[in-house]
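Here the structure comes first, spelled out in structure tokens, and everything after it is commentary.
FYI, it's all coordinate maths here, none of it is from the lab. Predicted model only: the values in this text are computed from it and were never measured. Please note: Cβ atoms are built from the backbone with ideal geometry, for glycine as well, and neighbour counts cover all protein chains shown.
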Amino acid sequence: MDAIAIISIFVLAVFVGFEVVSKVSSTLHTPLMSGANAIHGVILVGAIIVADHSQTNLELGLSLAAIILATINMVGGFVVTDRMLEMFKPKKSADKGGE
Amino acid sequence: MNSTLYSLIGLGAGVAFILALKGLSHPKTARRGNLIGAFGATVATLSVFLYVTPTHGQEVGHSLPLNNFWWIIGAILIGLVIGVPAARKVEMTQMPQLVALFNGVGGGAAALVAIVEYLNLGAEATTAEVIFTVFTVVVGCVSFSGSIITFMKLQELMTTRPVVFPGGRFVIAGTLVAVLGVSVWVVTALGTTPLLVLAVLSLLFGVLFVLPVGGADVPIVISLLNAFTGLTVAASGYVLSSTLLIIAGTLVGASGTILTRLMAEAMGRSLFGTLFGAFTAKPQEASGTAEERPVRSGSADDVAILLNYARRVVIVPGFGLAVAQAQHTVRELADLMISKGIDVAYGIHPVAGRMPGHMNVLLAEANVPYDQLAEMDEVNPTFGQTDVAIVIGANDVVNPAAQTTPGCPIYGMPILEVNHAANIIFLKRSMRPGFAGIENELLYDPKTMLLFGDAKASLTKVVSALKAL
């Protein structure tokens, strides 16, 4: 990939990243952090690619360790975020409120 | 699958992550946002199995399936077996440290990917690729070891106070210089040994970087390390020519940086002060010498009587409430007071609990109606008309020292101004200071009454005493 394309993607993604979270109430800080945390678990994709490229046992061992860690990060991250958010959601529609 | 389709799927996953972050920023769409993110990540992971990324310097990859296919599947299964139960079973009170841990392993994964890629790069590697690889190793290792330390602090496996030792700042600065020096060595000498040295030094730096951070600032550091991990993922994306990793990593890096700043603002902390506390912090004794001073402690009946004749009561829940699992009992008390015509609100400090928003999650779990939860800016002006403020297992977030004592570790942090209420009730286990380790003058105030004991047991007693009145 050529450098300009990569820089373009990078710069645009920075601005999108700034923009999407710039107005968020403190109530959602924790779930948002947790969700973003899960998203960087896609390093799993990179870990699988290097496992495919591995030539030696050392490389394979390290990539498999990376796959395990990345899976924990990604799947665990999304599951725990869902658990946090589950507590917000049903009450708002089901609860009759305290008035 | 051809490379165009593969790239398009990657782009789709990138869009899913943008929608996920956008969704997560609003209460109504948050859960859906998270699911969209999970969907994007799953699709992206599946797509790697259908397209072989060419090794360095090659035009096309080998034919399917992937090399080491079953090893890869096995490793993913192990990850699932560890990650899913951990995420499902964790108590909501311990969630912040789990997030820290997940972030740490993500950083570790990125560092490992970079190390393997480095071993693979060989002679054709461009300088830019080597630099990005070195960046990933350094930052990934810092994120890994730093997150482990934040985990240990939150889990209270080690002291929550800043760990500062004589000459500490020189050790940290020295380690940083060494990391940078060795990085240059790796880039120029291209060897396995320099890389190993670099990884070890970076791990050490991560530990030293987080040790001097005080308990209350730990969430900010987790958020920052989260952003760091994002950037390492983006850098790996460059080396592995994966647009998806570049987009996802950059998004997390950028949004994580903003989030870190928002959190620091909510806590009234300067980001700079938090991060470079290591360089400025002096070893410090717990402020407020532990001389015996008289406090006014009362019984559950005293508290019930006070509440019975109040018109407005504000409940200030803190982490102690969550530890005692007293969310349900406090709701019972609130419902009882409302049935007696008392105006009840919960005053939620932005960082009540251990992380911003943590308390909202805990109270939502106990079915506390959302409209009774008042944010700090809303509730502070009303304390003047409040008859009783009940502080349950909170300390630092109501400590007036944050407004009156320049130089104390929480100075400048916005607080819930319960000191303006006519009466203050503290439910505490002991006189032990809060997470930040600072004495609270309010406990000795004449209008304060203390009710010692486990928050849940005390609240249950207050509820039955109030029912009897």
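At-a-glance table
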read-out: Most to least packed among B:452-462, B:1-11 [average Cβ atoms within 10 Å]; value: B:452-462, B:1-11
read-out: Rounded to whole Å, sorted largest first: equivalent-ellipsoid semi-axes of region A:28-88, Cα gyration tensor; value: 30, 9, 7
read-out: Stokes-Einstein translational diffusion, chain B - Kirkwood Rh over all Cα pairs, 1.306 mPa s, 10 °C, in µm²/s; value: 65 µm²/s
read-out: Test item: B:37-47 mean partner chain Cβ contacts at 10 Å; value: 5
read-out: Ranked packing of B:14-20, B:439-445, B:92-98, A:75-81, most packed first, by mean Cβ within 10 Å; value: A:75-81, B:14-20, B:92-98, B:439-445
read-out: Enclosed volume per residue, in Å³, of the convex hull spanned by Cα atoms of region B:300-468; value: 99 Å³
read-out: Space enclosed by the convex hull of the alpha-carbon atoms of region B:181-258, per residue, Å³; value: 94 Å³
read-out: FRET efficiency, A:A3 to B:S297 (Cβ-Cβ, R0 51 Å, nearest 0.05); value: 0.15
read-out: Calculated FRET efficiency for the pair B:V207/B:S270, C-beta based, R₀ 30 Å, to 0.05; value: 0.85
read-out: Rg and Dmax [Cα atoms of region B:1-114; Å; Rg one decimal, Dmax integer]; value: 16.8, 51
read-out: Per-pair calculated FRET efficiency, R0 = 25 Å: B:E378 and B:S339 via Cβ, rounded to 0.05; value: 0.60
read-out: Neighbouring partner chain Cβ atoms per residue of B:6-19, average, 10 Å criterion; value: 2
read-out: Average beta-carbon neighbours from other chains, 10 Å sphere, peptide B:337-350; value: 1
read-out: Label point distance in nm, A:F15-B:E91, each placed 7 Å from Cα along Cα→Cβ; value: 4.7 nm
read-out: Values of log10 I(q)/I(0), in the order q = 0.11 Å⁻¹, for the protein assembly as shown under a Debye, Cα-only, solvent-free model; value: -0.95
read-out: 0 to 90° range, to nearest 10: angle between helix B:327-339 axis and chain B longest Cα axis; value: 40 degrees
read-out: Where the Cα pairs of region B:3-280 fall when distances are cut into 5 Å bins, in %; value: 1, 6, 10, 15, 18, 17, 14, 10, 6, 3, 1, 0
read-out: Protection proxy ranking of B:58-70, B:22-34, B:157-169 - average other beta-carbon atoms within 10 Å, highest first; value: B:22-34, B:157-169, B:58-70
read-out: Rounded to the nearest 20 debye, dipole of region B:3-280 from Cβ charges on Lys, Arg, Asp, Glu; value: 840 debye
read-out: Semi-axes of the equivalent ellipsoid for region B:405-469, Cα gyration tensor, largest first, Å; value: 27, 14, 10
